[in-house]
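Working notes for the structure below.
The values are calculated or read from the model by the stated rules, or taken from the named source; none is laboratory data. This is a predicted model, so every value here is computed, not measured. Heads up, the Cβs are rebuilt from the backbone with ideal geometry, glycines too, and the neighbour counts pull from every protein chain shown. All accessible areas refer to the heavy atoms of the entire protein, side chains included, with ligands and DNA or RNA removed. Shrake-Rupley method; radii C 1.70, N 1.55, O 1.52, S 1.80 Å.
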Amino acid sequence: WWYVYAYSNAGTLDYEISTTAPGASRMFKTGDFTRAYLGCFRPLSSGAPIPVVASRGHYVYDVGGSLVASLAVVMSGTSATYASVPCSTLAPPHARIARLSVRVLGAAVGVGAYVDVQSYGSSSTATHRVFAGQTNLESTGAECDVRIDSSQRAQYLVAGGGGTATDISVYGFLE
């Protein structure tokens, strides 16, 4: 992750890009109160940042074409018990909420299949539930903001029918 800071350079506003994360308050660079934290970004393997739109701590990836696939964290998931949704490549260490896109593909008509997504390790019945379509192989989807743990994980399960699968992508995060 790369972090952007503003600072005074002999009375002139200047900027710094660093791999040092902000402190717990997310106001200043860790150990340097002269550097005000502005935001962060994840670079691609080429070094260019993954395009993002940010406002007041809300980040939404702004990608299209072949880059959309780089946001996928679960592909064709079928776990009938809660399994990890690893978000660490697309949500920085200090983020606590991931914006997820959940797509469900039902395998049979009338099965009533769905995908539940929730905070990692939660035993709560409170989940984000996305139902499969009503016709064979119909795809449905939804976006939801899910609390992630300190390792940037959420969890999902697929229920209600054999052959149902889910694709989950990280579309953004909140600081």
**OP:** For the range 79-175, please list each of the strands (runs of 3 or more DSSP E) lying entirely inside it that holds at least 3 residues being modelled with pLDDT of 90 or more.
**Re:** 83-86, 97-105, 114-119, 139-147, 153-159, 165-174
Subject >> Among the residues listed as ARG35, ARG99, ARG103, ARG42, the single one being basic (Lys, Arg) and out of contact with any Ser or Thr (no Cβ under 9 Å at 6 or more places or on another chain) >> reply: ARG99
Original post:
How do the pairs read when you match residues in the range 156-170 that are closer than 17 Å to LEU90 by Cβ and surrounded by fewer than 20 Cβ atoms within 10 Å (Cβ to Cβ) with residues anywhere that are modelled with pLDDT under 95 and small (Gly, Ala, Ser), using Cβ under 7 Å and keeping only pairs 6 or more apart or on different chains?
Top reply: ASP167/ALA72; ASP167/SER76
**OP:** Could you tell me whether the range 57-67 includes any residue that is in contact with a helix residue (DSSP H, G or I) (Cβ under 8 Å, 6 or more places away or on another chain) and either over 21 Å from GLU143 (Cα atoms) or surrounded by 13 or more Cβ atoms within 10 Å (Cβ to Cβ) (or both)?
**Re:** yes
Original post:
Which is within 19 Å of TRP1 (Cα to Cα) and either without any contact (Cβ under 8 Å) to a residue 24 or more places away in the chain or surrounded by 14 or more Cβ atoms within 10 Å (Cβ to Cβ) (or both), of LEU100, LEU44, LEU71?
Top reply: LEU71
**OP:** Scan the range 26-40 for residues that are open to solvent by 40 Å² or more (accessible area, probe 1.4 Å), of a type outside the set (D, E, K, R) and in contact (Cβ under 8 Å) with a residue 24 or more places away in the chain and jot them down.
**Re:** THR34, LEU38
